[in-house]
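Right, one structure below, let's go through it.
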Amino acid sequence: ENLIFIYFEFLGGSYTLCGLTVMVTVIFELPIFHYAPKILAIASPVWMFQCGCLAYVVRTVGYSFVPRSHPYLVLFLEPLHGVTIGFVKTGSVAFADTWVPKGYEASGQGFLSLIMGMGQFLGLCTGMFLEGRVLYRVLAGIVSAGSIILAIGQHVTTKQSQSIQQESESTGEDVLNNERCKAEQTSEAKITCTNVPNTVRSKLGLNRGQHAKYNRLSYKTKQSF
């Protein structure tokens, strides 16, 4: 993005054209920033990344086909620039806020800025060796590859989280069944204790734990006779 005005000059554009491209970009990115909370409520940060990557690829490939005699055609592609900035910026901030531990949100945003700065640095270094049209096609290919890797990673992590959730649910059911068995055993023991007459309890001075033992002994004695 830092080389875009140089490329517009390569196409034959003027300073006025550069200013108009910025205006169009801002017009289309402001609504995205304004409605960012509502967008995040219905879409994940990864989905916003993918939308931003798609807009970037279409825009940069379109740049590479703009003829030098018609530089103002880039204005038709600039709305995608605003979509790219709006979706990627919003999605990246939400993504970093989701994955960093609680209390380290500011560090997560700082790390995000570091990664983005490194990407810009590598892009500028690449631009030193590639002609404008080739550069934007190469960058489109890099972003497309990153988008595919992101989609695969999202699919893998989603399946892993689903399997972990299923294991936790099955473990919770086992614990619940064990608790029910214990409760049933306890209730059966209490019912057995109540079979001992109150007069016998008072004469023997048995507690509830001993009542059940007394009933079992009495039953075995009756069977022996």
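With a probe of 1.4 Å, find how much accessible area segment 1-149 has per residue, and write the answer as a whole number in Å².
Solvent-accessible surface per residue comes out at 58 Å².
What is the sum of charges, Lys and Arg at +1 and Asp and Glu at -1, for the other residues whose Cβ falls under 9 Å from the Cβ of HIS81?
Taking every Cβ under 9 Å from that of HIS81, the sum is -2.
Counting only protein heavy atoms and a 1.4 Å probe, tell me what percentage of segment 1-150's accessible area is made up of carbon and sulfur.
Here carbon and sulfur together make up 76 percent of the probe-accessible area.
Can you compute 3J(HN,Hα) from phi for each residue in segment 132-145, using the Karplus curve 6.51 cos²θ - 1.76 cosθ + 1.60 with θ = phi - 60°, rounded to whole Hz and x for Gly and Pro?
Karplus-based 3J(HN,Hα) across segment 132-145 equals x, 5, 5, 4, 5, 6, 5, 5, 4, x, 5, 5, 5, 5 Hz.
Please give the net charge around GLU131, taking every other residue with its beta carbon less than 15 angstrom from that of GLU131, where Lys and Arg add +1 and Asp and Glu add -1.
Taking every Cβ under 15 Å from that of GLU131, the sum is +2.
Please list 3J(HN,Hα) in residue order for segment 80-96, calculated via the Karplus relation 6.51 cos²θ - 1.76 cosθ + 1.60 where θ = phi - 60°; whole Hz, with x for glycine and proline.
Going residue by residue, I get 5, 5, x, 5, 4, 5, x, 6, 5, 4, 5, x, 5, 5, 5, 5, 5 Hz, with x marking Gly and Pro.
The values are calculated or read from the model by the stated rules, or taken from the named source; none is laboratory data. This is a predicted model, so every value here is computed, not measured. Note: ideal-geometry Cβ built from the backbone for every residue, glycine included; neighbour counts use all protein chains shown. Areas reflect the complete protein model, heavy atoms only, side chains present, ligands, DNA and RNA absent. Shrake-Rupley method; radii C 1.70, N 1.55, O 1.52, S 1.80 Å.
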